[in-house]
1. Residues in the range 38-55: is at least one over 8 Å from the mean Cα position of the chain (by Cα) and outside any helix (DSSP H, G or I)?
2. Of the residues that sit in the range 12-55 and are in contact with a helix residue (DSSP H, G or I) (Cβ under 6 Å, 6 or more places away or on another chain) and touching a residue at least 40 places away in the same chain (Cβ under 8 Å), which one is surrounded by the most Cβ atoms within 10 Å (Cβ to Cβ)?
3. Only one residue in 7, 20 is under 8 Å from the mean Cα position of the chain (by Cα) and assigned to a helix (DSSP H, G or I). Which one?
């Protein structure tokens, strides 16, 4: 596991949309879904962020 992925995983717990943006490199559908899930509750945003970063 490289250091970028470790930083992205840590960001998933604090700022999930930023982690998704850094993984994808652009603002796309996954970013907007994660942003909405983060606003609805922190845990769904974290789980989605982890899914995007680890996949």
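We did not get these values from a lab; they are worked out from the coordinates using the rules stated. Predicted model only: the values in this text are computed from it and were never measured. Virtual Cβ from ideal backbone geometry, glycine too; neighbours counted across all protein chains shown.
1. yes
2. Step by step, filter the range 12-55, then rank; the result is 12.
3. 20
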